[in-house]
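Worksheet: the structure to be examined is printed underneath.
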Amino acid sequence: MKNYIKEQVKQSFLTKQAIYENEALLDTIVEVAKACIKAYKKGKKTILAGNGGSAADAQHIAAELVGRYGFDRPSIPSLALTTDTSNLTAIGNDYGYDQVFSRQLEGMGQEGDVFFGISTSGNSQNVINAFEVAKKKNITTVALVGRDGGVMAKMADFAVVVPSDATPRIQESHILIGHIICDIIEKELFGEGVGA
């Protein structure tokens, strides 16, 4: 059993090493952070959504921004579309589960916001539908995905594709990337920055 555990840890850090060595992917993460900072400087917000573990990631990232990540500073506006059970159940009941994020984004998203769609496959229909609404409202879109990126990677302004086919490894990397983006945003807006 111990060897099995060690293999799981090894696969996790090998995935992160692949991210570390992928200059194009790192450049995309930089561009996503810059897009968020630009939006915040214009008084806009980030909005996140995903299903299952990706819903937890959406909530986690939003909480790091609204609360704090590394140090005390003013709250940074961020909204996870996965947290309001009245909205989720009403929209799911009245319009269908495929509309639970798009309907909320239609009501709460504003031009200039940044929307993160999180999915290990990149093929979650309710997130795809939210991307369609985002495009109509001129909201910047970020696909935080894995595998081949799926439909979402093709639709997004920025596709952050974790180089793995394993759902647990993709999800572990999504939260790492989310943390890095939160860290950069916080330091650029309220700290001493992180450099070029």
Margin query: I'd like the full set of residues that are charged (D, E, K, R) and crowded, with 19+ Cβ neighbours inside 10 Å, limited to the range 30-58.
Written below: 44, 45, 57
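Every residue in the range 137-152 that is surrounded by fewer than 20 Cβ atoms within 10 Å (Cβ to Cβ) and in a helix (DSSP H, G or I), please.
Of the range 137-152, the ones surrounded by fewer than 20 Cβ atoms within 10 Å (Cβ to Cβ) are 137-138, 147-148, 151.
Passing the criteria: only 151.
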Margin query: Looking at 169, 147, can you tell me which residue is modelled with pLDDT of 95 or more, out of contact with any Asp or Glu (no Cβ under 6 Å at 6 or more places or on another chain), over 20 Å from residue 100 (Cβ atoms) and of a type outside the set (A, V, I, L, M, F, W, C)?
Written below: 169
Margin query: I'd like to check something: does the range 111-120 contain any residue that is of a type in the set (A, V, I, L, M), surrounded by fewer than 17 Cβ atoms within 10 Å (Cβ to Cβ) and farther than 20 Å from residue 19 by Cβ?
Written below: no
Notebook entry, point to check: If we keep just the residues of the range 72-97 that are over 17 Å from residue 58 (Cβ atoms) and in contact (Cβ under 8 Å) with a residue 12 or more places away in the chain, which is surrounded by the most Cβ atoms within 10 Å (Cβ to Cβ)?
Noted result: 73
Next item on the list: Please state which of the following conditions residue 162 fails to meet, knowing it meets all the rest: (1) touching a strand residue (DSSP E or B) at 6+ places or on another chain (Cβ under 8 Å); (2) surrounded by 21 or more Cβ atoms within 10 Å (Cβ to Cβ); (3) farther than 21 Å from residue 17 by Cβ.
Entry: (3)
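Out of 58, 63, 39, which single residue is within 28 Å of residue 100 (Cα to Cα) and free of Cβ contacts under 8 Å to residues at least 60 places away in the same chain?
Answer to the check: 63.
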Checklist line | Test: residue 185 is surrounded by 21 or more Cβ atoms within 10 Å (Cβ to Cβ), in contact (Cβ under 8 Å) with a residue 60 or more places away in the chain and outside any loop (DSSP other than H, G, I, E, B) | finding: yes
Next item on the list: Find the residue count for the range 157-196, including only residues that are of a type in the set (Lys, Arg) and under 12 Å from residue 37 (Cβ atoms).
Entry: 1
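The values are calculated or read from the model by the stated rules, or taken from the named source; none is laboratory data. Bear in mind the structure is a predicted one, so any value in this text is a computation, not a measurement. In this analysis, Cβ positions are derived from the backbone assuming ideal geometry, glycine residues included, and neighbour counts consider all displayed protein chains.
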